[in-house]
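Asker: Sending over a structure as structure tokens; questions will come in a sec.
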Amino acid sequence: YELNARLPADVRVLSVDDAPPKAHAIGMSGGKTYSYFVGVDVAEAWAGYCWRQPQLDVETMRIAAAAFVGTHDFRAFTAEAKADCVRTLHSVRVERHAHVRFPLLGCYCAPDEGPCPPDRCPVCAGSAALVDCCERALSSPPATATLVQLQFVGDGFLKHQVRRLVALLVAIGRGEASPDAAHVAMEHAAAGTTAEGGGGGR
């Protein structure tokens, strides 16, 4: 609650674990997982929480994503001017999830603080008692949501790397790029545009 009270409304801390006193987020990392959520025919209530698309061919996206698994030079997919752009992706998963309740919906304010500040909760906007607000926010959204989750697991990511990988896979899923576009992009260093939405610049 203390962390969320100091974060922007579209950033949520869902859990916290203890770490050793000398823990280093980069130096001690054994790997990283990055998930990008694409909403398929979702309601306006989901705006800001996922990249909305009308329809996607998930199976074709899944097949194309296999081209990114392994150790590759990803300089075509980054905005960084680095000498070493080799990264290892251990897995790339493309999964469709129906009837999803997205975990970021809700204010996550402390339960004894009274009504939420207007900028903390998109559900009540400070106009309702906090407990009622949170119960509404954490229940199912007004419309059923289907999300396509693109999950990348690797040793690290370059700036905009995942967004550009997602953008290419979504273009393939929309039929705007051929299924072998992933192989072509890797071979000819021809990355697509970056994907929309949040994601911390990666």
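The values are calculated or read from the model by the stated rules, or taken from the named source; none is laboratory data. Owing to the predicted nature of the structure, the values given are computational and were not obtained by experimental measurement. Virtual Cβ from ideal backbone geometry, glycine too; neighbours counted across all protein chains shown. SASA here: full protein model, heavy atoms, side chains in, ligands and nucleic acids out. Shrake-Rupley method; radii C 1.70, N 1.55, O 1.52, S 1.80 Å.
Asker: Could you list, in sequence order, the residues of region 169-185 that are without any contact (Cβ under 8 Å) to a residue 60 or more places away in the chain and in a helix (DSSP H, G or I)?
Answerer: Correct list: 171, 184.
Asker: For residue 108, which of the numbered conditions (1) open to solvent by 50 Å² or more (accessible area, probe 1.4 Å); (2) hydroxyl-bearing (Ser, Thr, Tyr); (3) more than 17 Å from the chain's Cα centre (by Cα); (4) at pLDDT 75 or above fails to hold?
Answerer: Unmet for residue 108, out of (1) open to solvent by 50 Å² or more (accessible area, probe 1.4 Å); (2) hydroxyl-bearing (Ser, Thr, Tyr); (3) more than 17 Å from the chain's Cα centre (by Cα); (4) at pLDDT 75 or above: (4).
Asker: From the list 164, 136, exactly one residue is open to solvent by 30 Å² or more (accessible area, probe 1.4 Å) and modelled with pLDDT of 90 or more. Which is it?
Answerer: Selected residue: 164, the only one of 164, 136 that is open to solvent by 30 Å² or more (accessible area, probe 1.4 Å) and modelled with pLDDT of 90 or more.
Asker: Something else now. Show me the strands (runs of 3 or more DSSP E) found entirely inside region 1-105 where at least 3 residues are open to solvent by less than 40 Å² (accessible area, probe 1.4 Å) and modelled with pLDDT under 90.
Answerer: 32-40
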